[in-house]
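This is the structure, below, for whatever I ask next.
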Amino acid sequence: MLHSKTRFVPRNDTYITTLFLDRNDDGDYLDVDSMLYHSKEHGFYLTRRIIQTWQGQTWETAAEVETVHTPGKLRRSLTIFRPLTRDQMIRVIVENVVPEEEGARKLVLTALESSGVR
């Protein structure tokens with residue numbers, strides 16, 4: 001039996017927010033745009049556009065500070081779509097929007113877990 005791939009089309013769906021999820025070991029944000037959408041047909045999903053540069057033998061995700069195009073340096077852009085359940089969407093927003101100060105994020109996550117959101 002053939003399986004059909006879900007076709008996400010962000011321009012036809014409801015944009016919810018942009019998230020800043022990825023940092024390198026130095027704490028710099030990576031050149032990854034992560035945006036949360038809702039589709040009437042497919043539900044919630046995360047779309048990620050990742051910029052990578054060729055580092056000799058492997059492709060590495062570039063830091064935002066490296067986004068200025070360097071002549072002779074190979075670059076590529078990947079776009080990934082990740083479907084999310086309602087619970088996953090709630091956790092992604094809480095983990096990336098609710099501040100850690102004074103335990104706010106921990107309190108919200110504890111409340112969600114006690115209500116069955118995993």
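Each reported figure results from applying straightforward, stated rules to the coordinates on display, with no laboratory input. Computed from a prediction, not measured in an experiment: that's the story for all the values here.
With N set to the number of residues, divide the alpha-carbon radius of gyration of the chain by 2.2 N^0.38 Å and report two decimals. Before the final figure, lay out the partial values.
Details: Rg = 17.3 Å, N = 118, 2.2 N^0.38 = 13.5 Å.
Rg over 2.2 N^0.38 Å, computed on Cα atoms: 1.28.
Under 5 Å between amide hydrogens, which residues at least 5 positions from ILE16 or on another chain qualify, with H placed 1.01 Å from N in the peptide plane?
It is LEU36, TYR37, HIS38, by chain and number.
In deg cm²/dmol, rounded to 500, what helix-only [θ] at 222 nm does the chain give when every DSSP H run of at least 4 residues adds -39500 (n - 2.57) and the total is split over its residues? Don't skip to the end; give the middle numbers.
Numbers: 2 runs with 23 residues, N = 118.
Computed mean residue ellipticity for the chain: -6000 deg cm²/dmol.
A further question follows. Using amide H atoms built 1.01 Å from N in the peptide plane, name the residues 5+ places from ALA62, or on other chains, whose amide H lies under 5 Å from its own.
When sequence neighbours closer than 5 places are left aside, the close amide H contacts are ASP31, ILE51, GLN52, THR53.
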